[in-house]
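*Asks:* Structure below; questions to follow.
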Amino acid sequence: MTTTLAGGRAARRQTMRRIRPRRSPATLLLLAVWAGAVGVVWLWWANTPSISDNNGKILNAGRITGLLAGYLMALVVLQMARVPALERRVGSDRVARWHAMSGRYTLCLTVAHVFLIMWGYALQAGKGLGDIVQQTMDSINQLPDMGKAAIGTGLLFVIGLLSIGPVRRRIPYDTWYHVHLLTYAAVFLTFWHQLTTGNEFVVEPAAKTVWYGLYGSVTALVIWYRILTPIRLNLRHRMYVEAVIEETPGIVSVLIGGRKLHRMGAEAGQFFRWRFLAPGMRFSSHPYSLSAAPRPDMLRITVKAIGDHSERLRELTPGTKVWAEGPYGALTAARRSRGKVLLVAGGVGITPMRALFETLPGASGDITLLYRANSTQDLALWDELATIADERGARLMYAVNSPDGERPDISAERLRQKLPDIDNHDVFMCGPPGFAQSVYEALRGAGVPARRIHHESFEM
């Protein structure tokens, strides 16, 4: 049995809208981040006297690494706040990469800061490099807020360890996710010693005010977008499971009912983080894309069973309460800049592509969907896609393995053969990382500029 959600009035109106590409603010945001880093270095420089001995060099190197680590900690939390300007304009996957990179730099700077400061303190006390451990214990016991800073630093190390690729792949997603939330506690605990022991904040009251403003603003954004906004959204729309339908073996669609769901601001191509209030699932929150354009009384997600959470979706019963956060993601029509569009889906990556296939503005012949799957039996939502293609005059292609298991050819030459004007297309793509990378290379070889290849991954 399959669902049929094609042809909604809102979806048809969407296809008639004008193409109005929206620029990403990523470049401006990165410039602002670098400007902030320059300001931190200037603060350190303005409060650093002439240095003549090795001890002074070591201590001041510890000071600047500590200031930069403190600055990046605020950015790490900001990137976790799910601010709409970041999540919907820059893209959730890009923000997640920024978060991961900022976290690595923060941890490295923190290690350097602790080592250099404790080494400098040891030299001041007439000790050597071998006395760093003892000097660290003495500083924790004697200096204000250093005990809290030590606990916070320990939490950062644990979070960083569990975020290393090979380690993360070996632990359940929910375990990693909930441990990752300890970042908030780590930042809170390490914040106070910056003000009580940091030379810049002791001698410059204005610098302390700016630091309070930075951390206070980030805290306000976290409270607003991570706590208050989801509460408001779920109280307003009161979502619940309406039905669970098996599309193909291992792939199910969950129909979600509620109040005025079209007013949630969701667009085709976006996703929510879903929490189903059923036994064993209440504390799990996972990102799943909408697989159809939002309706006033219904949303739909289509999920492949590849883990504990996704496997349990088929067990959901009608009436189960649903808690959602979102919408997130920038893989929407706003990225489009050309009249013609190629949608490329790999496996369950068809979910956002199906919604875009239904709603992207375009005349007959403008939209093409290429669907890659292992076999024709794995082509989820195929009947709906065929119906949409017929109604819109769109082109629908599939690429599946041959009976002997040979993979289809999705090369630059093959793409140019199927779409001679492919270099004049925008391309929206969703699928497993390996598939996405190979298709990206083929598209670039076929002459599609990188700025017109739009891809978003939820592997965060």
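The values are calculated or read from the model by the stated rules, or taken from the named source; none is laboratory data. What you see is a predicted model; the values in this text were computed from it and never measured. Counting neighbours? That spans all protein chains shown, and the Cβs are built from the backbone with ideal geometry, glycine included. Accessible surface is based on the protein model in full, side chains and every heavy atom, while ligands, DNA and RNA are left aside. Shrake-Rupley method; radii C 1.70, N 1.55, O 1.52, S 1.80 Å.
*Asks:* Out of segment 122-149, which residues are open to solvent by 60 Å² or more (accessible area, probe 1.4 Å) and touching a residue at least 40 places away in the same chain (Cβ under 8 Å)?
*Replies:* L123, Q124, L143, P144, K148
*Asks:* Next question, about the same structure. Only one of (1) without any contact (Cβ under 8 Å) to a residue 24 or more places away in the chain; (2) among the hydrophobic types (A, V, I, L, M, F, W, C); (3) surrounded by fewer than 20 Cβ atoms within 10 Å (Cβ to Cβ) is not met by V95, so which one is it?
*Replies:* Unmet for V95, out of (1) without any contact (Cβ under 8 Å) to a residue 24 or more places away in the chain; (2) among the hydrophobic types (A, V, I, L, M, F, W, C); (3) surrounded by fewer than 20 Cβ atoms within 10 Å (Cβ to Cβ): (3).
*Asks:* What is the number of the single condition among (1) modelled with pLDDT of 90 or more; (2) under 21 Å from S92 (Cα atoms) that Y240 does not meet?
*Replies:* (2)
*Asks:* Could you please find all residues in segment 265-286 being in a strand (DSSP E or B) and closer than 10 Å to P327 by Cα?
*Replies:* Scanning segment 265-286 gives F271, F272, R273.
*Asks:* Suppose the filter is open to solvent by 70 Å² or more (accessible area, probe 1.4 Å), closer than 21 Å to A69 by Cα and in contact with a Leu (Cβ under 8 Å, 6 or more places away or on another chain); does L182 pass it?
*Replies:* yes
*Asks:* In addition: Which one of the conditions (1) touching a Gly at 6+ places or on another chain (Cβ under 6 Å); (2) free of Cβ contacts under 8 Å to residues at least 40 places away in the same chain; (3) not acidic (D, E) does P352 fail to meet, given that it meets all the rest?
*Replies:* Answer for P352: the failing condition is (2).
*Asks:* Mind telling me which of the residues S402, S364, S438 ends up being touching a residue at least 24 places away in the same chain (Cβ under 8 Å), part of a loop (DSSP other than H, G, I, E, B), open to solvent by 10 Å² or more (accessible area, probe 1.4 Å) and among the hydroxyl-bearing types (S, T, Y)?
*Replies:* Answer to the selection: S364.
*Asks:* Here's another thing I want to ask about it. Quickly run through segment 22-46 and pick out the residues that are over 22 Å from T106 (Cβ atoms) and modelled with pLDDT of 85 or more. Give the derivation first.
*Replies:* As a first pass, look at segment 22-46 and keep what is over 22 Å from T106 (Cβ atoms): 22-25, 27-28, 46.
Of everything in segment 22-46, those that are over 22 Å from T106 (Cβ atoms) and modelled with pLDDT of 85 or more turn out to be T27, L28, A46.
*Asks:* What residue, among those in segment 263-303 that are more than 27 Å from R336 (Cβ to Cβ) and open to solvent by 40 Å² or more (accessible area, probe 1.4 Å), is nearest to the chain's Cα centre (by Cα)?
*Replies:* So, considering only residues that are more than 27 Å from R336 (Cβ to Cβ) and open to solvent by 40 Å² or more (accessible area, probe 1.4 Å), the one nearest to the chain's Cα centre (by Cα) is R275.
*Asks:* For segment 324-336, indicate whether the set of residues that are within 20 Å of G280 (Cα to Cα) and in contact with a helix residue (DSSP H, G or I) (Cβ under 9 Å, 6 or more places away or on another chain) is non-empty.
*Replies:* yes
*Asks:* Listed residues L161, L182, L195; which is of a type in the set (A, V, I, L, M) and within 30 Å of W45 (Cβ to Cβ)?
*Replies:* When all the criteria are applied, what remains is L195.
*Asks:* Right, another one. Being in contact with a Ser or Thr (Cβ under 9 Å, 6 or more places away or on another chain) and of a type in the set (D, E, K, R) is the filter; apply it to segment 384-414 and report the residue that is nearest to T359 (Cα to Cα).
*Replies:* R392
*Asks:* Now for a different question. Condition test on G152, is it within 18 Å of L189 (Cα to Cα) and open to solvent by less than 40 Å² (accessible area, probe 1.4 Å)?
*Replies:* For G152, the condition - within 18 Å of L189 (Cα to Cα) and open to solvent by less than 40 Å² (accessible area, probe 1.4 Å) - is met.
*Asks:* Go through S291, S375 for me and flag whichever is polar (S, T, N, Q), without any contact (Cβ under 8 Å) to a residue 60 or more places away in the chain and farther than 22 Å from D423 by Cα.
*Replies:* Being polar (S, T, N, Q), without any contact (Cβ under 8 Å) to a residue 60 or more places away in the chain and farther than 22 Å from D423 by Cα holds for just one of S291, S375, which is S375.
*Asks:* In segment 217-251, which residue that is out of contact with any Gly (no Cβ under 6 Å at 6 or more places or on another chain) and of a type in the set (D, E, K, R) is nearest to L381 (Cα to Cα)?
*Replies:* In the first step, residues of segment 217-251 are kept if they are out of contact with any Gly (no Cβ under 6 Å at 6 or more places or on another chain); the result is 217-236, 241, 243-251.
Then keep just the ones that are of a type in the set (D, E, K, R); that gives 226, 232, 236, 246-247.
Working: R226: 33, R232: 33, R236: 30, E246: 10, E247: 7 Å.
Going through the qualifying residues, I end up with E247.
*Asks:* Further question: So, in segment 161-215, exactly how many residues are assigned to a loop (DSSP other than H, G, I, E, B) and closer than 30 Å to S310 by Cα?
*Replies:* 8
*Asks:* In segment 305-332, what residues are more than 28 Å from A81 (Cβ to Cβ) and in contact with an Asp or Glu (Cβ under 9 Å, 6 or more places away or on another chain)?
*Replies:* Selection gives A305, R314, P318, G319.
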